[in-house]
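Asker: Input: one structure, supplied below.
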Amino acid sequence: MRTAEKTRKTKETDIEVKLDLDGSGKVHIDTGIGFFNHMLTAFAVHSGIDLSITCRGDLEVDGHHSVEDVGIVLGKAVGEALGDKAGIERYGNFYVPMDEALAFCAMDISGRPYLLFNADFHDERIGEFDTCLCEEFFCAFAFNAGITLHIRESYGKNDHHICEAIFKAVAHALKAAIKVNSDGSTLSTKGVLE
């Protein structure tokens, strides 16, 4: 079973993540940031994973620690659930339109973390969510999951739509990349994914 449970407690945040990569999109998200809850819910539903996240963070400061630290713990959980990465398709890519916005994601679950993030937001916030934290979240996620992650906003005007299209594009790319392949082999000329 490709499952994981991870916790992380610091002076800034207290986080618990439970996931099942072979779930059906059962979701419980509570981060204290409404729009971030919405994005993580969309991420779980569209990737088809079961996901539970609870975060108590220092929101009296701002949302940065909570958003980045959730990315760290979620990334570690995905990495743990994938184990040695044998038997997965490894690559995924997807376009998601959200009304006037269009976002694209390509990923390689390679063990080599990298983030290329190319998106422009128009406002500083969406609800209580700082738009600059979208990139921070995916950086933390990619580097802790061992994923090469390329994200691009092709165009868009509404920041809510741009951000949601990004989260959904990443979710669908992840869904494709973690799919079990036909023969259980490791998709690498090296024979391993580290």
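The values are calculated or read from the model by the stated rules, or taken from the named source; none is laboratory data. Quick caveat, the model's predicted, so the values are computed rather than measured. Virtual Cβ from ideal backbone geometry, glycine too; neighbours counted across all protein chains shown.
Asker: Enumerate the strands (runs of 3 or more DSSP E) found wholly within the range 1-106, keeping only those where 1 or more residues are in contact with a helix residue (DSSP H, G or I) (Cβ under 7 Å, 6 or more places away or on another chain), more than 17 Å from residue 137 (Cα to Cα) and aromatic (Phe, Trp, Tyr).
Answerer: So the answer is 91-98.
Yes or no, residue by residue, for (1) modelled with pLDDT of 95 or more; (2) under 16 Å from residue 177 (Cα atoms):
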{"residue": "18", "(1), (2)": "yes, no"}
{"residue": "23", "(1), (2)": "no, yes"}
{"residue": "31", "(1), (2)": "yes, no"}
{"residue": "37", "(1), (2)": "yes, no"}
{"residue": "41", "(1), (2)": "yes, no"}
{"residue": "45", "(1), (2)": "yes, yes"}
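Asker: Where the second residue is β-branched (Val, Ile, Thr) and assigned to a loop (DSSP other than H, G, I, E, B) and the first is farther than 21 Å from residue 104 by Cα and lies in the range 118-140, which pairs have Cβ atoms under 9 Å and are six or more apart or on separate chains?
Answerer: From the range 118-140, the pairs are 124/131; 125/131; 127/33; 128/33; 129/33.
Asker: How many residues are in contact with a strand residue (DSSP E or B) (Cβ under 6 Å, 6 or more places away or on another chain) and either on the phi > 0 side of the Ramachandran plot or not charged (D, E, K, R) (or both) when one looks only at the range 5-54?
Answerer: 22
Asker: Taking the options 67, 61, name whichever one is closer than 14 Å to residue 129 by Cα, at pLDDT below 95 and not charged (D, E, K, R).
Answerer: 61
Asker: Go through the range 76-119 and report how many residues are surrounded by 15 or more Cβ atoms within 10 Å (Cβ to Cβ) and acidic (Asp, Glu).
Answerer: Count: 3.
Asker: To continue, here is another question. Any idea which of 175, 157, 168, 190 is part of a loop (DSSP other than H, G, I, E, B) and modelled with pLDDT of 95 or more? It would help to see each step written out before you state the result.
Answerer: Numbers: 175 fails: part of a loop (DSSP other than H, G, I, E, B); 168 fails: part of a loop (DSSP other than H, G, I, E, B); 190 fails: modelled with pLDDT of 95 or more.
Selected residue: 157, the only one of 175, 157, 168, 190 that is part of a loop (DSSP other than H, G, I, E, B) and modelled with pLDDT of 95 or more.
Asker: Here's something else I'd like to know. Starting from residues that are of a type outside the set (A, V, I, L, M, F, W, C) and part of a loop (DSSP other than H, G, I, E, B), keep the ones in the range 109-123 and report whichever is nearest to residue 91 (Cα to Cα).
Answerer: Start the filter on the range 109-123 by keeping residues that are of a type outside the set (A, V, I, L, M, F, W, C), which leaves 110-114, 118, 120, 122-123.
Keeping just the survivors that are part of a loop (DSSP other than H, G, I, E, B) gives 110-113, 120, 122-123.
Working: 110: 9, 111: 12, 112: 13, 113: 14, 120: 25, 122: 31, 123: 32 Å.
Among residues in the range 109-123 that are of a type outside the set (A, V, I, L, M, F, W, C) and part of a loop (DSSP other than H, G, I, E, B), the one nearest to residue 91 (Cα to Cα) is 110.
Asker: In addition: For the range 62-70, indicate whether the set of residues that are surrounded by fewer than 16 Cβ atoms within 10 Å (Cβ to Cβ), touching a His at 6+ places or on another chain (Cβ under 8 Å), in contact (Cβ under 8 Å) with a residue 40 or more places away in the chain and not polar (S, T, N, Q) is non-empty.
Answerer: For the range 62-70, residues surrounded by fewer than 16 Cβ atoms within 10 Å (Cβ to Cβ), touching a His at 6+ places or on another chain (Cβ under 8 Å), in contact (Cβ under 8 Å) with a residue 40 or more places away in the chain and not polar (S, T, N, Q): absent.
Asker: May I ask you to verify whether residue 62 is more than 12 Å from the chain's Cα centre (by Cα) and either closer than 24 Å to residue 179 by Cβ or among the basic types (Lys, Arg) (or both)?
Answerer: Working: more than 12 Å from the chain's Cα centre (by Cα): yes; either closer than 24 Å to residue 179 by Cβ or among the basic types (Lys, Arg) (or both): no.
No, not satisfied.
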